[in-house]
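Heads up, the thing below is written out as structure tokens.
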Amino acid sequence: MPGLPRGKTFADGQSHYGETEGIGRKGQKKHWIFITAPMRDENGDIVAGMEMSIDITRRRHLEKDLKKSEEKYHAIFNNIFNPVFVVDQESLEILDCNIKAVELYHSGGTPLTGKLFGDFFPGRGPGGHDPAGEIPKRNLQGKAYQGRWQADRCGHVGGTGPVLRTGRVSDHHQ
């Protein structure tokens with residue numbers, strides 16, 4: 001009994017809380033959070049212990065499903081052939097990008113996140129905007145590329161904002 005949460009409460013007179021797992025009535029794996037508390041008499045002696053627990057099995061299943069979904073999303077996002085950038089709607093700061101964007105625009109050891117999307121499009125309007133969508137692009141080493149980009153509105157961790165996709169990327173000779 002001393003190894004169980006209520007047993008610890010009897011042994012040290014303190015409340016204990018945490019998570020545990022076990023087997024349910026039907027033999028399935030279950031998850032619980034618990035809290036224990038000592039019950040004292042008028043002399044301060046522990047005469048009973050109280051334990052409350054909440055079944056969080058459904059929550060654990062949802063967390064597992066969410067993790068699988070995130071892994072699928074990242075696999076799709078990172079295997080899209082063209083560069084994809086998730087940017088802040090106001091500043092066009094790069095919040096995330098796929099592997100192809102890193103391959104094309106990355107400069108050894110310099111992360112793309114935190115940079116402004118417009119920095120890759122010199123000579124354009126604010127933030128490198130071009131309404132026609134046809135833009136020269138430069139990676140961090142200054143190599144020029146020609147391509148077309150599209151903006152889609154999308155929900156992401158930072159809120160809702162544009163996801164920018166670049167297509168038909170080719171070398172551009174100046």
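Rule-based calculations on the coordinates, nothing more; no lab input. Not measured: the values here are computed from a predicted model. Cβ atoms come from the backbone with ideal geometry, glycine included; neighbour counts cover every protein chain shown.
Ordered by the number of other Cβ atoms lying within 10 Å of each residue's own Cβ, fewest first, VAL84, VAL102 fall into the sequence VAL102, VAL84. Taking amide H positions as modeled 1.01 Å from N, with prolines and chain starts lacking one, the residues under 5 Å from LYS30 and 5 or more places away or on another chain are GLY22, ILE23, GLY24. The LEU62 and GLU42 beta-carbon pair, evaluated with R₀ = 35 Å, returns a calculated FRET efficiency of approximately 0.15.
Under the simplified labelling scheme, the GLU21-ARG153 pair shows an inter-label distance of 4.2 nm, with each label point 7 Å from Cα along Cα→Cβ. Taking Lys and Arg as +1 and Asp and Glu as -1, the other residues whose beta-carbon sits under 10 Å from that of VAL163 total 0.
Taken over region 1-119, the percentage of Cα pairs per 5 Å bin, counting from 0 up to the bin with the maximum distance, is 2, 9, 12, 11, 9, 7, 6, 6, 8, 9, 8, 6, 4, 2, 1. Under 5 Å between amide hydrogens, built in the peptide plane, is the criterion, and for ASN98 it picks out VAL84 among residues at least 5 positions away or on other chains. Of the cross-linked pairs LYS29/LYS100; LYS72/LYS115; LYS67/LYS115; LYS26/LYS67, those separated by over 31 Å at the C-alpha level are LYS29/LYS100.
Cross-link partners for LYS30 among the aspartates and glutamates, with Cα-Cα distance under 12 Å and sequence neighbours closer than 8 places in the same chain left out: GLU19, GLU21, ASP55. Using θ = phi - 60° in the Karplus curve 6.51 cos²θ - 1.76 cosθ + 1.60, the 3J(HN,Hα) couplings for region 26-36 round to 9, x, 8, 6, 10, 10, 9, 9, 9, 9, 10 Hz; x is entered for Gly and Pro. Each residue in THR110, THR166 was given a count of other beta-carbon atoms within 10 angstrom of its own, and listing them fewest first yields THR110, THR166.
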